[in-house]
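The values are calculated or read from the model by the stated rules, or taken from the named source; none is laboratory data. Bear in mind the structure is a predicted one, so any value in this text is a computation, not a measurement. Each accessible area value is taken on the protein alone, full model and side chains, heavy atoms only, with ligands, DNA and RNA left out. Shrake-Rupley method; radii C 1.70, N 1.55, O 1.52, S 1.80 Å.
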Amino acid sequence: MFGIGGGELVFILFIVLMLFGSDKVPEIARTMGKAMAQLKNATNDIKSEIQKGAESNGLDTKSLTDITGNINAQINDAKTNLLGDTTNITGNLLGDTATEIDKVKEDIDSISGPVKRQM
């Protein structure tokens, strides 16, 4: 929650208690609870009004979902066309690189003989 740990929360509550006193804290909490409930009701009212307006103009949630789904599908197709199939490219590059490394290693071994590691 907002990056606040338990210690910081206790400290904040202690400061609030010191500033407002023990008799005002429940009153403040009730006021904040009422304000949060009013805010929640207001946002629900706004959402319902937007939904009613969309339905009255012939847009329902299914058609909006279809439209956004089609837009997302077109975006994904554009990404695929733009980037292409990169899995084959990277797979070939990695395979070619490993082959080249093996060839160089064999050349070094043939020139100098196998290297013995000392520990």
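If only residues of region 77-100 that are modelled with pLDDT of 75 or more and among the β-branched types (Val, Ile, Thr) are counted, the one that is most open to solvent (accessible area, probe 1.4 Å) is THR80. If you go through region 60-76 and keep only what is at pLDDT below 80 and open to solvent by less than 80 Å² (accessible area, probe 1.4 Å), you end up with ASP60, SER63, LEU64, ASP66, THR68, GLY69.
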